[in-house]
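One structure is given here, and the rest of the page talks about it.
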Amino acid sequence: MCGIVGYTGPRQASRILVEGLKRLEYRGYDSAGIAVQADEPQTGAPLVVIKKKGKIAALRQEVPKDLPGHCGIGHTRWATHGGVSDVNAHPHTDNSGKLAVVHNGIIENYLSLKEMLEKEGAVFRSETDSEAIAHLIAYNYEGDLEAALKASLGHLKGTYGIACVHADEPGRIVGARNGSPLVLGVGDGEMLLASDVTAMLAHTKRVVYLNDGEVVSMLPHEFRVSDAEDRPIDPRIDHVAWELDAIEKEGFSCYMEKEIFEQPESIARALSGRLDGEYGCAKLGGLNLSKKELHAVERIRVIAAGTSWHAGLVGCHLFETVARIPAAAELASELRYRNPVVEPSSLYFAVSQSGETADTLYAMREIQRRGGTVLGICNVVGSTIPRESDGGVYVHSGPEIAVASTKAFTSQLAAFYLLALSFARMHDMPHHEGTRYLEQLKAVPGLVRDTLGQRDHVQAIAKRYSKAQDFLFLGRGLLYPIALEGALKLKEISYVHAEGYAAGEIKHGPIALVSPDTPSVFLVPNDHLREKTISNMKEIKARGGPVIAVAEQGDAEVMAIADEYIPIPAVDSRFQPFLMVVPLQLLAYFIALELARDVDQPRNLAKSVTVE
Ligand code: F6R
């Protein structure tokens, strides 16, 4: 949700800024801009500001290849206040043009600030809330950008990650964070600032994750972190484990395709070092709860959004069926505002790929405020949810760049399968069953690789059905959340309407949608729900609806009924969610390709949604 980048050092700033914005483009991609300090600092020459509606490629065209300057800031936008236009793109400047600001977040009191600042002579040019920050800092500026920013922060209501530069302070970038991520990159004689580490991975792996309420002031050779009252903070320098390759496409046509095909490895990473063969159990080091505390858990609640919520639904099903602990997954955006009852005997999990989703973060804080314990299940190391949670599990899927989440989802599933096993082994799962469960879990990456072998078959099906305007995705039990996930994937990247439904529910209404033009994608389990699901399939066929069935290989009955059949390897039904989701990801991907959509950056969306 908007990406910020800053650079100060000996190299050409504009190149590093544009390249960093390209890395952050998945966070928002409706417009972008940079502000670079001109290279005659002593004269206090104003900044060079270049902004452009559209993607980073459009901005790149506008930036002269030889633009001088060694310090600057950049921004890629996902619009909240004000339409998509050159003028609304960041950076925003003050009246003098000497001060530039980029902002991620929302300033709730910008109208009253604007009114006050206009009375003081500020001339607003854009419709954004962010421009108020530039004028406010300029209003407080008396030759010290850090002091001016600090003087301004107390007047801002809302969320922000901010970076700013002033033409009179060569080489200096000042940043502040409250609710929107900001990471400092410590290089060799150079410093970077960005919304996430992907923008700086090519330059440094030494980073400082800023906390809410912290301000950083940086020059090429030094930086200082302090709070708004100017009390110094001792920063911790972390080392980023991700390699640069992980954020390259590596021969795939887009990130989503790469990430779908990476799943055998990413699931294996999520499981790696966590399988305790001797005790038929899982080893999860970061839960920060004693065995006694875990044993005393009476109920589990999962909070999350979107795809992560779907993983949570699978997780809760497992907690109940495998570990026999009552569990429910709730949309974080709903929980926060409904005055939730937080029981001391409940354990909460906040699930988030990015670790920055505002809905999930605020719901987590609300639960913690009421005395609840919240563990994170996150991918991005050092992001806000894992830092603020009481413990948790990193899923280690590696950087997920495509807006549509794929490999993070299956890694989240892996984390839930491990957690469910841990709880089950504390309660009534015997050792031999635990060992068998582990063996089955260990086989999942290989079976996902086999399922990916359906690529060409799914592509052919996608071609045949790509003109359909509506799809139904239907499943029962553990496969119901997978049906929801299949529908979400298709909607978000192809813009085709899709409904995910519990297969048993269609007769209560949605069956009215069935027609020869509305394909139904059925997820057929190989357990006690198989017959029921097949009956639902027949109900659709009887009404003339085409059926695409994903079912275990060799299922002759399903083959005979369905118009299209996508086989998946045989596996215990408990582990079918891992395999069932793969053809659905591929189906969405290939339909989006057929429709010539921008697969990695679908319209209106952004990854990492840091606004409510
Ligand atoms: C869908 C998708 C979103 C995210 C949701 C939560 O493909 O990516 O629905 O799952 O915005 O994001 P995280 O997991 O980062 O909290």
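The values are calculated or read from the model by the stated rules, or taken from the named source; none is laboratory data. Note that the structure is a prediction, hence the values are computed from the model and not measured. No Cβ is skipped: glycine too gets one built from the backbone with ideal geometry, and neighbour counts run over all protein chains shown. Only protein heavy atoms, including side chains, enter the accessible area calculation; ligands, DNA and RNA are left aside. Shrake-Rupley method; radii C 1.70, N 1.55, O 1.52, S 1.80 Å.
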Next item on the list: Among residues belonging to the stretch 246-267 that are among the aromatic types (Phe, Trp, Tyr) and more than 18 Å from the chain's Cα centre (by Cα), point out the one that is farthest from Ser397 (Cα to Cα).
Entry: Phe252
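Go through the stretch 305-327 and count every residue that is more than 16 Å from the ligand (Cβ to nearest atom), open to solvent by less than 40 Å² (accessible area, probe 1.4 Å) and touching a residue at least 24 places away in the same chain (Cβ under 8 Å).
Residues that pass the stated criteria total 6.
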Notebook entry, point to check: Quick one: how many residues across the stretch 97-116 are buried (at least 23 other Cβ atoms within 10 Å of the Cβ) and closer than 20 Å to Leu47 by Cβ?
Noted result: 6
Note to self: Just to check your reading of the model, which residue among Val521, Val571 is open to solvent by less than 10 Å² (accessible area, probe 1.4 Å) and either aliphatic (A, V, I, L, M) or part of a helix (DSSP H, G or I) (or both)?
What the structure shows: Val521
Next item on the list: Could you figure out which of (1) in contact with a Pro (Cβ under 6 Å, 6 or more places away or on another chain); (2) more than 22 Å from Leu153 (Cβ to Cβ) isn't true of Ala167?
Entry: (2)
Next item on the list: Examine the stretch 295-311 for a residue that is closer than 23 Å to Glu439 by Cα and at pLDDT 95 or above, and state whether such a residue exists.
Entry: yes
Note to self: Being more than 29 Å from Asp450 (Cα to Cα), modelled with pLDDT of 95 or more and among the aliphatic types (A, V, I, L, M) is the filter here; which residues of the stretch 507-541 pass it?
What the structure shows: Ile540
Note to self: Residues that are open to solvent by less than 10 Å² (accessible area, probe 1.4 Å) and away from the ligand (no atom under 16 Å from the Cβ), at least 1 per element: which helices (runs of 4 or more DSSP H) completely within the stretch 328-431 meet that?
What the structure shows: 407-426
Checklist line | Members of the stretch 490-518 that are open to solvent by less than 20 Å² (accessible area, probe 1.4 Å), among the hydroxyl-bearing types (Ser, Thr, Tyr) and within 16 Å of the ligand (Cβ to nearest atom) | finding: Ser494
Note to self: All but one of (1) open to solvent by less than 50 Å² (accessible area, probe 1.4 Å); (2) in contact (Cβ under 8 Å) with a residue 60 or more places away in the chain; (3) aliphatic (A, V, I, L, M) hold for Ala241; state the number of the condition that does not hold.
What the structure shows: (1)
Checklist line | Qualifying positions in the stretch 256-304 - within 22 Å of Ser608 (Cβ to Cβ) and either assigned by TED's automatic domain parsing to the domain that holds Tyr26 or open to solvent by 50 Å² or more (accessible area, probe 1.4 Å) (or both) | finding: Arg269
Margin query: If I filter the stretch 592-603 for residues that are within 16 Å of the ligand (Cβ to nearest atom), open to solvent by less than 10 Å² (accessible area, probe 1.4 Å) and in a helix (DSSP H, G or I), do I get at least one hit?
Written below: yes
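Can you tell me which residues in the stretch 544-568 are part of a strand (DSSP E or B) and charged (D, E, K, R)? Show your work before the answer.
Here is the first cut: in the stretch 544-568, the residues part of a strand (DSSP E or B) are 547-552, 564-568.
Correct list: Glu552, Glu564.
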